[in-house]
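One structure below.
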Amino acid sequence: MERRSSTAGARRAPKKGVSIDPKGYDAGKKISGKKRHILVDTEGLLMNAVVNPADVQDRNGGALVIETMHSLFPFVTKLFADGGYQGPQFRKALAKVMPQLSVDIVKRSDTAKDFQVLPWRRVVERTLAWLNRCRQGFREP
């Protein structure tokens with residue numbers, strides 16, 4: 001006679017295996033998880049994306065996005081980036097891969113007190129909102 005456990009008919013949640021993209025901890029932003037660095041065109045269409053652990057600095061993740069998109073879009077000449085991508089390390093990494101690429105850092109005005117819409121930043125935020133809304137292939141289960 002066969003013994004059955006009390007949970008034989010109940011559905012069990014599948015066990016999670018090893019994650020493809022490891023998680024990390026960003027002490028500056030106090031978040032645990034992953035960072036997604038995306039590159040979009042002026043219409044907000046996704047050109048390239050890289051997922052890193054949260055402990056990877058923004059400037060290093062941004063350099064990875066540029067390195068992987070170099071062969072796909074060699075004609076890009078202008079890049080607008082967030083304040084997290086400023087600094088000499090990011091510019092040196094870009095100069096190695098794409099010397100013709102000029103970078104403008106979009107920053108909030110120091111005199112602004114309330115919410116301020118930043119130029120070109122809204123295009124990226126809209127793309128992230130689309131990806132979050134659809135969720136397929138963008139979020140973990």
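FYI, it's all coordinate maths here, none of it is from the lab. Since this is a predicted model, take the numbers as computed values, not measurements. Neighbour counts run over all protein chains shown; Cβ positions are idealised from the backbone, glycine included.
May I ask you to list the residues of the stretch 21-64 whose amide nitrogen lies under 11 Å from a point 7 Å from Cα along the Cα→beta-carbon direction of residue 107? No residue qualifies, since no backbone N sits under 11 Å from the label point. Of the chymotrypsin sites (Phe, Trp or Tyr not before Pro) in the stretch 32-120, the ones in a loop by DSSP (not H, G, I, E or B) with at most 10 other beta carbons within 10 Å are 75, 115.
FRET efficiency for the pair residue 92 and residue 55, taken as 1/(1 + (r/R0)^6) with r the Cβ-Cβ distance and R0 = 22 Å, rounds to 0.55. Treating r as the C-beta distance of residue 25 and residue 100 and R0 as 35 Å, the FRET efficiency rounds to 0.45.
Under a 5 Å amide H cut-off, with hydrogens placed 1.01 Å from N, residue 81 pairs with 104, 105, 106 among residues at least 5 apart or on other chains. A crude spin-label estimate for the pair residue 114 and residue 78, with each label 7 Å from Cα along the Cβ direction, gives 3.0 nm. Structure shown: which of 23/113; 30/96; 23/107; 92/113 lie over 30 Å apart, alpha-carbon to alpha-carbon? With Cα atoms farther than 30 Å apart: 23/113; 30/96; 92/113.
Fewest-first ordering of 82, 58, 104, 114 by other beta carbons within 10 Å of each residue's beta carbon gives 114, 104, 82, 58.
Full extension of the segment from residue 71 to residue 130, taken as 0.36 nm per residue of separation minus the current Cα-Cα distance, would add 18.6 nm. Hey, got a sec? Which GluC sites (Glu not before Pro) in the stretch 43-130 land in a DSSP loop and have at most 11 other Cβ atoms within 10 Å? Passing sites in the stretch 43-130 are 43.
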